[in-house]
Amino acid sequence: MPPPPAAGRGKKPTKAEIEKRKQEELEKQRQEEERLQQLQEEEEAKLAEERRKEEEEKARIREIENSRFDEERTNLRSILAENEQALQRLAENQLKENEWYRYVSCEKMVDPRNAQQLNSFINVWNEQTGKRPIQEILKECKQAEELLQDIASISTSHTEKPSLLEESRYEEATKSLQKSILDKLDAATLYALKTPEDHMDEEDQNIKVSVKSEEVKFKLWGNVARNPR
């Protein structure tokens, strides 16, 4: 005996039912797409808001930093201006003190502002190449160092601001004096080594020279005694 037919089996959906189901599926798909689209838009809006707040915070921090930098730069400029004024006063006072010292000590003064005097001093000093005591050379080095200080004081002074030509002359004179000082000390060293008997230590028979002025210290040691062993 054949089995009874299943419930509903054999009943085909009508065209209208198929169309209705199709529309329902399309509607569900549309709603799901709208939901996803809305979620995406909300996420993008959230990210955009976070970026906006982040940029605002960065701008706020930059404004604070720029304000702080401007304040520090203003303070630094003020400090530098005060230091420059103090340096100018120091240079001017040093120049006056050097001039007064040489005046009361009755030393022959060389005014670096006088090109003839400055060039004459440098030329005459460079020509003095004969054998002379170290003390005499150090005294001349002291005069040259004082002259260098005067040139430096004038160069940094605003009350006696040198012209470009004078600055070039001072720069050339400074280099020449510095070189001459080293040359004179080298010559003094050579002279001491050539005349060891004048600087011999009686105990160990070695050359020992120690001479200093206010500006320059000169020390020399040399072993000239033969080792008896």
| said: residue 214 - would you say it is open to solvent by 40 Å² or more (accessible area, probe 1.4 Å) and either in a helix (DSSP H, G or I) or in contact with a His (Cβ under 9 Å, 6 or more places away or on another chain) (or both)? | reply: no
| task | May I ask you to list the residues in the stretch 164-200 that are surrounded by 14 or more Cβ atoms within 10 Å (Cβ to Cβ) and outside any helix (DSSP H, G or I)? | result | 199, 200
| remark: Taking the stretch 202-211 and keeping residues in a loop (DSSP other than H, G, I, E, B) and either surrounded by 12 or more Cβ atoms within 10 Å (Cβ to Cβ) or not charged (D, E, K, R) (or both) leaves 205
| query | Name the pairs whose Cβ atoms lie under 8 Å apart, with the first residue in the stretch 82-106 and open to solvent by less than 60 Å² (accessible area, probe 1.4 Å), the second modelled with pLDDT under 75 and assigned to a helix (DSSP H, G or I), and 6 or more positions between them or separate chains? | reply | 88/156; 91/156
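The values are calculated or read from the model by the stated rules, or taken from the named source; none is laboratory data. Values in this document were obtained by computation on a predicted structure and should not be read as measured data. As a convention, Cβ positions derive from the backbone with ideal geometry for all residues, glycine included, and neighbour counts pool all protein chains shown. Quick note on the areas: whole protein, heavy atoms, side chains included, nothing else; ligands and nucleic acids left out. Shrake-Rupley method; radii C 1.70, N 1.55, O 1.52, S 1.80 Å.
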